[in-house]
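Report on the structure given below.
The values are calculated or read from the model by the stated rules, or taken from the named source; none is laboratory data. Model, not experiment: these values are computed from the prediction. Neighbour counts run over all protein chains shown; Cβ positions are idealised from the backbone, glycine included.
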Amino acid sequence: MAETVLSIEHVAVHFGGLVAISDMNFHVNKGEIVSLIGPNGAGKTTAFNVMTGFLTPTKGAVKYCGADLKGKKPHEIADLGLIRTFQRTSVFPNDTVYDNVLIGLHRQGKLRLAEAILGLPRARASEKAQRARAAELVRWIGLEARANDLAGSLSYGEQRLVGVALALAAQPKMLLMDEPVSGMNASETHTFVQLIRKIRDSGVTILLVEHDMPMVMSVSDRIVVLNYGRIIAEGPPDDIRRNPAVIEAYLGQSAKDVVKEVAVHA
Amino acid sequence: MDQLLQHVVNMLVLGGTYALLGIGLTLIFGIMNVVNFTHGILYTFGAYMMFIVVHQLGLNFFLALPVAIVAGWLLGAAIEITLLRPLRGADIDTTMLVMIGAWIAMQSGALWIWGGVAKSIDNPFPDAPLVIGPVSVSWLRLFVLFAAALLIVLAYSLINLTKLGKAMRATFQDSDTAALMGVNVSLIYTSTFAIGSSLAAAAGALLGPVYVVFPQMGDLAAVKAFAIVILGGLGNITGAVIGGFILALAEELGAGYVSSGYRDAMGFLIIIMVLIFKPTGLFARAERVG
Amino acid sequence: MKQIVTLLCLAFFVSVPMWLTDPYLLNALITTGIFIIGAMSLNLLLGFTGQLSLGHIAFFGIGAYVSALTSLGFDVPIHGDFHIVHVPWPPIVGFFLAIVISGFCGYLVGRLSFSVRGAYFVIVTISFAEVVRLVALNWVELTQGPLALTNIPSITIGLPGLGYLVLKTKFHNYYLVLAVAAISYFLISRLVHSHYGRAMRGLMENETLAVAVGINVTKTLTLAAVISAGIAGAAGSLYAHYIRIIDPDVFAFISTVTMVIMVVSGGKGSLAGPVVGGVIFGLLPVFLRPIMPPEAQWITYGVVLIVILFVMPRGIVPSLAAKLGLARAGGTRRASIAVSERTVEEHA
């Protein structure tokens, strides 16, 4: 039995009288790529916000590596190695790509204030190591040509890559990616899928929220389908493709294209 | 007990003008998202208009009030058009700093033109106060209370009953949507600033004869207005009225029972307390703008 | 390149008293220098964390009063016959106490007010400064209120056995202020280029993302507030021991505005910004004084602030740097991407 990294245990989220998530229960194993899908408004981003401490669940618990995340602030959760990326505003726009990654390396650079200000040997060594690591990460995502450009001036797809580099800089054990390929063209998406695999192969567990069906089908080990705040299906891509409840859910959303896409990739 | 009654009467007189100041600022802050440091200057300006009309032009006291209000409206519109309109879309810090620059320049201008010596404004009311049992109140202060109440009702009707008021409320909710619905947002901003400014000028014109008139009189008034807006919640007119009276009560009680030196500290303490413990204001759940 | 310019500027400032003998100008330079230290500390908050504190003068004033009272001593009745009595200590102790106590006040204000942002933060900080001013005005037993604290001794430096030097003349005070300014500049520069500074920039630009990569917002902002307040307190102490008389007007809101003008005109978020803006706005009155009355000077101040915001919203230093094609004020760009020799495969 594989080791469980993240488990969502009967989580419910209510906003006043509105139920965003009624009962969500699933887990992610170490080294897996799991996708959380569902029609618009199904509660996917809400689920992410709960997992990363931006929202407190009304009921239920989120456990990461066996520890309950209840009451933990977002930066404390990040400190545990559970890192997320954002759908929009995924970068620090007024800094260079390189500096973006340096900011992302925050968790690695913890020094005493006096060391940092006086420039003691340990601080200098740490600074040098961080700069080397930042350069390496920028190269790794293939943006070395844009390293000295302001992140805000990059194309949408490139900004998403910077967002991933930032998240990787924080040394995740597990990465939560919120619609990483939305707005990307086919070739960018293709490159990105390879990047995701590469990240997983380096030992990072991944949970995706995504709309792009072909991408989800090709990259995921397992898929969890959410509709109206509850899980309606769970399993490997092949099962999900044929699952009548899933097709129904997407049809209900009047998205015939999606079904077609699902069928084509079947 | 008698002393308390007297404080309550004083509170009503003060609270009415504070409410005017507060309504003016909450409209500007709420609708335009501008931290308006010139609000206190408009207050000073209103008081000086009163002085000019009564003493330099030798006209009637009761005529001076509407003149001050109109002059405040015009000055407000001028500030909005020259300084804020070109900065539409700029961040809140930038407009705030521009307003600080305008405040410094205008206050120094007032000092240059009118000098630093405090001036008093004559009023046509009898000197002997109205005495009811243990409470005494001057006729001038009674007039101030009724004039303030009338202006509050007028402002209220303007926001709630007129087409302009409806457009202002729509802009407060969502300026982009309002623009799509055909609201001339630019015009609404100018009107809002002008109306807010005229209310501040009215407050100054009313309190000028009660106290004395000097160029820095508006500084504390501006802070008090901010305290009222924060108490009442952003863009909340009813909240601003209640906030005005609460501030006046706090000041009266603070001055009466603690030390008169700390009278003006009440506004600041209220700001600090409210923002730390209830940042959305005391009446945040109440209906906004109107 | 940048360091050479900094050193050249420092050398220039060191040389000034050697050729400038006019006491009036030297006095203007000293008070300007003190305000530049204040402006640099304000820039740490405003330019590097994005928090506009308009109550910054409070820390300056607290520093001035702490330092003055430490060196003057006091006897304050608290309740009945219970008094708190303090015998005078050397002014240099007051200087360090000013830093510590102002820094502590920065901590308190930071913890309380960082729960609100934007306009509300601005208003809380103004209120805080005004409350402190009213306390200084009304707590007459301690502060003498409007009567002012007078005869504040000059700072004395020295070591036992090596002799002492009383920094009384303008010449001495100029170098004292320059030394404190240089140390503050160095401190702030190291701080903003460290990972602490990157955390500050990160949460200024995108707070949600900063939190998601593990940056502790409260801790980072509070740290900036403490250091900023401490430096402002040092400036206040220098002011008290140089002018040698302080009253509650030291808390005047207009002084905060002066610092803000220095920072914004020079360029917030640029290390040199407050220095450039400070020299311009600190010395402007010297040139305006012979040609116009004080009211007109202030009008000019207000108008210049507005004009700068309209034509050069980023400030003089960043605008010039952009013109000359230099890097952003952050300066982290110098480390090129070529630092790493490792390959992609190695990581993957």
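Observations, loosely collected:
- Selection from segment C:273-292 of residues that are away from every other protein chain (no Cβ under 14 Å), small (Gly, Ala, Ser) and surrounded by 24 or more Cβ atoms within 10 Å (Cβ to Cβ): C:Gly273, C:Gly278
- Just one of the numbered conditions (1) assigned to a loop (DSSP other than H, G, I, E, B); (2) at pLDDT 85 or above; (3) more than 20 Å from the chain's Cα centre (by Cα) is not true of C:Lys268: (3).
- Scanning segment C:141-197 for residues being away from chain A (no Cβ under 14 Å) and part of a helix (DSSP H, G or I) gives a total of 19.
- Tally of residues being over 23 Å from A:Arg222 (Cβ atoms), touching a residue at least 40 places away in the same chain (Cβ under 8 Å) and either within 12 Å of another protein chain (Cβ to nearest Cβ) or not polar (S, T, N, Q) (or both) across segment A:42-86: 4
- Flag for C:Ala321 being modelled with pLDDT under 85, under 26 Å from the mean Cα position of the chain (by Cα) and in a helix (DSSP H, G or I): yes
The rows are residues; the columns are (1) farther than 30 Å from C:Leu72 by Cβ; (2) among the charged types (D, E, K, R); (3) surrounded by 22 or more Cβ atoms within 10 Å (Cβ to Cβ).
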site	(1), (2), (3)
C:Phe128	no, no, yes
C:Leu159	no, no, no
C:Tyr164	no, no, no
C:Lys170	no, yes, no
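- Members of segment A:138-152 that are more than 8 Å from chain C (Cβ to nearest Cβ) and over 17 Å from C:Arg201 (Cβ atoms): A:Ile141, A:Gly142, A:Leu143, A:Ala145, A:Arg146
- Of the residues A:Ile206, A:Ile199, A:Ile117, the single one that is more than 19 Å from A:Phe92 (Cβ to Cβ), over 19 Å from the mean Cα position of the chain (by Cα) and among the β-branched types (Val, Ile, Thr) is A:Ile117.
- Wholly within segment B:177-290, helices (runs of 4 or more DSSP H) carrying at least 2 residues that are free of Cβ contacts under 8 Å to residues at least 12 places away in the same chain and at negative phi: B:265-277
- Residue match in segment C:243-256 (condition: away from chain B (no Cβ under 14 Å), assigned to a helix (DSSP H, G or I) and at pLDDT 90 or above): yes
- Of all residues in segment C:116-129 being facing chain B (nearest Cβ under 7 Å) and among the small types (Gly, Ala, Ser), the one that is nearest to the chain's Cα centre (by Cα): C:Ser127
- Leading residue by the ranking (nearest to the other protein chains (Cβ to nearest Cβ)) among those in segment A:122-135 that are of a type outside the set (Gly, Ala, Ser) and surrounded by 20 or more Cβ atoms within 10 Å (Cβ to Cβ): A:Arg131
- Residue match in segment B:144-160 (condition: loosely packed, with under 15 Cβ neighbours inside 10 Å and not in a helix (DSSP H, G or I)): no
- Residue within segment B:229-251 that is buried (at least 22 other Cβ atoms within 10 Å of the Cβ), away from chain C (no Cβ under 14 Å) and acidic (Asp, Glu) present: no
- Subset of segment A:98-121 that is in a helix (DSSP H, G or I), of a type in the set (A, V, I, L, M, F, W, C) and at the interface with chain C (Cβ under 9 Å from one of its Cβ atoms) - its residue that is surrounded by the fewest Cβ atoms within 10 Å (Cβ to Cβ): A:Leu118
- Criterion (more than 13 Å from C:Leu45 (Cα to Cα), part of a helix (DSSP H, G or I) and within 9 Å of chain A (Cβ to nearest Cβ)) met by exactly one of C:Gly233, C:Gly202: C:Gly202
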